[in-house]
Every structure is written in C-alpha cells, then in structure tokens.
Amino acid sequence: MKIGIYALAKNEAANVAAWEASCRDADVRVVTDTGSTDDTVELLQAAGVTVARGSPVPWRWDDAHNLSLYHLPADLDVAIRLDMDEVLDPGWRAALEAAWTPATTKGRYFYQWSDAVRFLSDRVHRRAGYRWVGATHEGLSCWSGDEVQTQLDGFTIRHFRQPGKAHKSDLTLLRQAVRENPLDVRMHWYLARELDYASDPEAIEAFDRYLRLPGGAATERAYAYRVLARLQPEQLKPRLLEAIMAAPREPEAYLALAEMAEQMGDWVSCLYYARHASFCPADSQTHASDPRAYGPRAPDLACIAASKLDLYREALQHAREAFRRDHADRRLAGNLALLEQLTQEKGPKAA
C-alpha cells in the first residue's frame, strides 16, 4: 500500500517540526505553499518534504485543497489530508493498513480537537475518485464509484491550532457556500454558528432557517437549540428541552436546566437534570461541546441537590464522581469527606 500525505501551508514554520515528525512513515508527503513569507518552505524541504506552490484566486478552501490533492502522485493508494496544525498519533500506519480493505474508499477515525473534545472525521480516502466541495468547511465528495467507509481503530489525528488564529474569510465564504447550495443543511449550520461567533443578530434567523431544513446531524441540531436558548432567554426552557430531544446523550442542555432549577430553588428538578448530565457518556463529546459539562460541575450540582433533599447516600455517590473528575479541587474533597462522615453517622437512616 502506498500512502501519501497532503497539506496547505502559509507561514506555518512553527508547526513544521511536529507535523513532519508525525508523518515520516508516509511514502509521499507534499505540501502546497500558498505564499509563505517565513521559513516554512525551507524547513519542509530540509526535512525531505516535497513543496509545491499555488494559490487559487478567488480564494476558496475546496479549490485550494483540490490543488493540494492534485499535487500528490496519481499512483498512490491512500491519501491523508493532514493540516499543518495537526499531527498523526504514533502507530498510525499500522492501524491504517490493518483496517483498510480492497473495497474501502474512505476511512473514519477519531479527531482530537482539544483535550476535552473529540469527534469522528473522514479525511483519509482513496487517492482516486475524490474531490473537495464547498467554499469553506469543505467536505469530501466521492464522484467515482460507490463510497465504502471503514472505521480505522487505533488511528488518531490531533489538532494543535495556534491561539488566536482565525480565517477572516469564513463568513464571506459561508454566505457563498449557502448561495451555491441553499439545501446544504451542513453549510447553513456553519453559517449560523459563524454569525453567532460574530454576535450578529442575524444568527437567530439563521439557526431557525437551519432547523427548518430536513436532515442535519443530531449533535448540530442540539447545538442550534442551545444557542437559540441563549439568544432568546424567553424561550430558554423549551429550547433546551428540544436540544435534549435532538441529542439525549449530550449533557450540555441537562446541565443548563439543572442550573436554572438551582437558581429557582427547585431541588427536585435540579437533581433530575444534574443526574442526567452526570450520567451522559464521555464519548458523547462533539466539536460543539461545552467543556464544563464534562467536568465536575454536573455531579457536584447533583450532590448539592441530593443533600438539599436529605438524600445523603445519593449525594455521596455524586460527590465521589465530582471528586473523581477533579482531584485538585479542595472544596470537592471537603464535600466528599463531610458526606462520608455524615452517612457513617446516620447509618441505615441515611436516605
């Protein structure tokens, strides 16, 4: 099996060493430089990476990544798009070769966006028969034959984006992507999210428009409802409930409802929602997740609510989970010690 790595680069000197070291086991590595003014090109060439040059005008991410893909030799079996702020985990090649079959056209694997967030991605594909589509937030399109996806167990790509780095053209390109394909539900979601990032009041209508379209990933629909809950506080509870219906395995909406109940002193509801937030599986994390929902906040809130309801044995279980998630928090440690002592003193009388 011949494997090629391809990427775009512009002023990525700070990322070259880590990127290059992670993908040395590839048969071919080609980086398309789009106008670097730092040492990116020289560093890549010194490490034995082939550097091509080119820059689409007007700029579009699909055209740029297709140009990068076209710079790979045609006789490769598998192509991996590995952006310059990403690295492959050690052992990636063995994992890929073990999972790939003669029928496979695309591989799915875990993408580690940050310490708290990971999700499935699919930038590993057969060299022939694929192209990128979409002015931004581009996706792979299989235009030759039937697509066959294979899970690549043990294959992970990690993201190390530089703080403060942003693509200034995202909003303009997203508007263009929606104009080109007004039924592309995925692009509508990205446009609405970008408008929210920009604090643009149009975000409300954009998310509503997205939710009126058929389809869309459950996690993205849940995210849309949560954003609308924040932007339309008069509809806070119904929007959060809709988020739960869309993605019942995600803890964010449960936690928000638990905190709302806490403010109202409704400890029964607080315990109900905090329990659900705490029990959501860790693998429910997505690129749209709130890291707080995966930390000690939910079990800590469940502990507080259970204590208010004199359910001390249950409170103790939640206290243990909160402390497990953050051993450095002295308050959580103190709560756990207090509840352990209290339940021992009460014995069978502890609810």
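The values are calculated or read from the model by the stated rules, or taken from the named source; none is laboratory data. Not measured: the values here are computed from a predicted model. Methodologically, a virtual Cβ is constructed for each residue, glycine included, from the backbone with ideal geometry; neighbour enumeration extends over all protein chains shown.
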Can you tell me how many residues in segment 172-196 are surrounded by fewer than 12 Cβ atoms within 10 Å (Cβ to Cβ) and more than 18 Å from Glu138 (Cα to Cα)?
0
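For the structure I just gave you, tell me whether Leu120 is farther than 23 Å from Val16 by Cβ, of a type in the set (A, V, I, L, M), out of contact with any His (no Cβ under 7 Å at 6 or more places or on another chain) and modelled with pLDDT of 95 or more.
Working: farther than 23 Å from Val16 by Cβ: yes; of a type in the set (A, V, I, L, M): yes; out of contact with any His (no Cβ under 7 Å at 6 or more places or on another chain): yes; modelled with pLDDT of 95 or more: no.
The answer is no for Leu120.
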Odd one out for Lys106, checked against (1) modelled with pLDDT of 95 or more; (2) within 28 Å of Asn11 (Cα to Cα); (3) basic (Lys, Arg):
(2)
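For segment 31-41, state whether one or more residues are in the same structural domain as His125 (by TED's automatic domain parsing), outside any helix (DSSP H, G or I), touching a His at 6+ places or on another chain (Cβ under 8 Å) and more than 21 Å from Arg158 (Cβ to Cβ).
Yes; the residues of segment 31-41 include at least one that is in the same structural domain as His125 (by TED's automatic domain parsing), outside any helix (DSSP H, G or I), touching a His at 6+ places or on another chain (Cβ under 8 Å) and more than 21 Å from Arg158 (Cβ to Cβ).
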Specify the residue that is modelled with the lowest pLDDT; the eligible residues are those in segment 214-234 that are in contact with a Phe, Trp or Tyr (Cβ under 9 Å, 6 or more places away or on another chain) and among the aliphatic types (A, V, I, L, M).
Ala217
Checked pairs for segment 84-96, first more than 11 Å from Gln112 (Cβ to Cβ), second of a type in the set (Lys, Arg) and surrounded by fewer than 19 Cβ atoms within 10 Å (Cβ to Cβ), C-beta under 7 Å and 6 or more apart or across chains, list as Asp85/Arg161
Being over 18 Å from Phe155 (Cα atoms) and in a strand (DSSP E or B) narrows it down to one of Ala52, Ala79, Ala17, so name that one.
Ala52
Does segment 1-18 hold any residues that are on the phi < 0 side of the Ramachandran plot, out of contact with any strand residue (DSSP E or B) (no Cβ under 6 Å at 6 or more places or on another chain) and either polar (S, T, N, Q) or buried (at least 21 other Cβ atoms within 10 Å of the Cβ) (or both), and which are they?
Glu12, Asn15, Val16
Flagged pairs (Cβ under 6 angstrom, 6 or more apart or on separate chains; first in segment 232-253, without any contact (Cβ under 8 Å) to a residue 24 or more places away in the chain; second part of a loop (DSSP other than H, G, I, E, B)) are none
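For segment 22-36, which residues satisfy the criterion of being out of contact with any Ser or Thr (no Cβ under 9 Å at 6 or more places or on another chain) and closer than 20 Å to Ala79 by Cβ?
Within segment 22-36, Ser22, Cys23, Arg24, Asp25, Ala26, Asp27 meet the criteria.
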Do we find a residue being farther than 20 Å from Gly139 by Cβ and in a loop (DSSP other than H, G, I, E, B) anywhere in segment 200-212?
yes
Which count do you get for residues in segment 101-118 that are surrounded by 18 or more Cβ atoms within 10 Å (Cβ to Cβ) and in contact with an Asp or Glu (Cβ under 6 Å, 6 or more places away or on another chain)?
2
